[in-house]
Amino acid sequence: MRIAIIGKGMDVSDYLREMAEKKVKKLSRYFRTDTEAHVTMSIERSRHIVEVTIPFDGVVLRGEVATGDMYASIDGVLKKLEKQILKHRTKLEKRLHADAYRDEAPIFQENAVEEEDLEIVRTKRYTSKPMDLSEAVLQMELLGHEFFVFVNSKTSEVNVLYKRKDGNLGLLEPEIG
């Protein structure tokens, strides 16, 4: 597993880099050797944020944790990623490393409990007219939702507008590929 570590608005010390690489490498048992993990570290106010993104075989595994300590954030994000891997074990088994689950003991989880598969309990249909981005923002705010699906009038594509954790907005524009 290749690991790329960057500091966003901060310098990553050699010790911090080595420690993060060592811990992230423990996840390599789940992935093929050509998989690359992207680790981004940043500090906002007193929050130490670590984000790890692992794109592999058409799937993106991503986790982000913010705590008061960078080392705790690294540990937290790795626990979160391993929990995702274990939770979606059956769905991911075909895409992960052949021996990913040979050792049943999790690396970062103390009491790993496999959760039940999520079930779709409601399907909602609605009519949507094409609209521009500013109208979609207004509609989302009027509805009080955290996200809004709409047909972009400029591109005729389905887009998703969403509220980010930092309070700003994000826009998902699909690319078929």
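Total residues in region 13-36 satisfying the condition of being more than 16 Å from Asp75 (Cα to Cα), at pLDDT 90 or above and surrounded by 12 or more Cβ atoms within 10 Å (Cβ to Cβ): the figure is 1. Taking the criterion of being part of a helix (DSSP H, G or I) and in contact with a Lys or Arg (Cβ under 9 Å, 6 or more places away or on another chain), the only residue of region 16-39 that qualifies is Arg29. Considering only residues in region 154-167 that are closer than 14 Å to Ser128 by Cα and open to solvent by 60 Å² or more (accessible area, probe 1.4 Å), the one that is nearest to the chain's Cα centre (by Cα) turns out to be Val158. Counting residues in region 118-140 that are in contact with a Pro (Cβ under 8 Å, 6 or more places away or on another chain) and modelled with pLDDT of 80 or more gives zero.
With respect to the stated conditions, Met10 is among the hydrophobic types (A, V, I, L, M, F, W, C), surrounded by fewer than 17 Cβ atoms within 10 Å (Cβ to Cβ) and part of a loop (DSSP other than H, G, I, E, B).
In region 1-26, the residues that are in contact (Cβ under 8 Å) with a residue 60 or more places away in the chain form Cβ pairs under 8 Å with partners that are crowded, with 17+ Cβ neighbours inside 10 Å, at six or more places apart or across chains, as follows: Lys26/Leu78; Lys26/Phe108.
If the condition is being hydroxyl-bearing (Ser, Thr, Tyr) and surrounded by 15 or more Cβ atoms within 10 Å (Cβ to Cβ), then region 37-77 contributes Thr40, Ser42, Thr53, Thr67, Ser73. Put simply, of Arg29, Arg62 the only residue that is in contact with a Ser or Thr (Cβ under 9 Å, 6 or more places away or on another chain), closer than 21 Å to Lys83 by Cβ and basic (Lys, Arg) is Arg62.
The values are calculated or read from the model by the stated rules, or taken from the named source; none is laboratory data. Bear in mind the structure is a predicted one, so any value in this text is a computation, not a measurement. FYI the Cβ positions are ideal-geometry reconstructions off the backbone, even for glycines, and counts take in every protein chain you see. In case anyone asks, the SASA skips ligands and DNA or RNA and just uses the protein heavy atoms, side chains included. Shrake-Rupley method; radii C 1.70, N 1.55, O 1.52, S 1.80 Å.
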